[in-house]
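Participant: One structure coming up, written as structure tokens, with questions to follow.
Read the figures in this text as sums done on the coordinates, not as results from a lab. Quick caveat, the model's predicted, so the values are computed rather than measured. Please note: Cβ atoms are built from the backbone with ideal geometry, for glycine as well, and neighbour counts cover all protein chains shown.
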Amino acid sequence: MPIGTDLRPPLTYLTRLPIQSALTKSPTLEGPRHLHPILDTLCVELLATCPLRCLHCSASASPSRRSLLPQDVVKAGLFALKSLEEIYFSGGEPFLYPDLPDLVRVATTVAKHVIVYSSGTFQSFDGLRAIPPDRLRLAATAGVRRIDVSFYAANAVEHDAITQAPGSFASTGVAPLRWTLDHWARCP
């Protein structure tokens, strides 16, 4: 399939969630609407592009998929929810989303914890490599407090078989994990 012809939107709990039923008017709370008390975590699958092709991927993400959620749609959904415990940004690979730092800043006004669920890999002209530190730095500065990185096996053969991307084990996480540990070790 040629790039750009896959028009399916990325899967997202934001669009699958019936917003009106998740929000309720409470006689004991001021304001127009408040989050139903049973919803405390939201996972937003921002895009369907990912350098990997994981067998179990909930977004059916791959390098050839190009669909993404528009930033204004995500922001509107976040603002409508008012208050959450956690927001996860996922994908595809969320570090490929062009406006990730802006969405993280908005998410920090809505949730106590903003988390990015990442493959830990980035596609460059010369193949797979770790997420660039500048992207990690931008996310951390915007308010990300945790990055969950996917490891599917303790060895390259099994991990790469699951991701269907030769070299993904070697690219996943070593540099981002070191940068993340160093960065957060310095945080108060």
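Participant: Return the distance in nm (one decimal) between the two label points of a simple spin-label model at Ala161 and Ser67, each offset 7 Å from Cα along Cα→Cβ.
Facilitator: 3.1 nm
Participant: Continuing with this model, one more query. Give me the orientation-averaged projected area of the Cα convex hull of the stretch 104-152, in nm², one decimal.
Facilitator: Computing the convex hull of the Cα atoms and averaging its projections yields 4.0 nm².
Participant: Follow-up. Roughly how many nanometres apart are two label points built 7 Å out from the Cα toward the Cβ at Leu55 and Ala76?
Facilitator: Placing both labels 7 Å beyond Cα along the Cβ direction yields 4.0 nm.
Participant: What is the sum of charges around Val116, taking Lys and Arg as +1, Asp and Glu as -1, for the other residues whose C-beta is under 9 Å from the C-beta of Val116?
Facilitator: With Lys, Arg at +1 and Asp, Glu at -1, the net is 0.
Participant: Give me the dipole magnitude in Debye, nearest 20, for the stretch 36-185 about the Cα centre, with unit charges on the beta carbon: positive for Lys and Arg, negative for Asp and Glu.
Facilitator: With only Lys, Arg, Asp and Glu charged at Cβ, the dipole is about 200 debye.
Participant: Counting pairs of Cα atoms in the stretch 36-185, how many percent are more than 29 Å apart?
Facilitator: More than 29 Å apart: 15 percent of the Cα pairs in the stretch 36-185.
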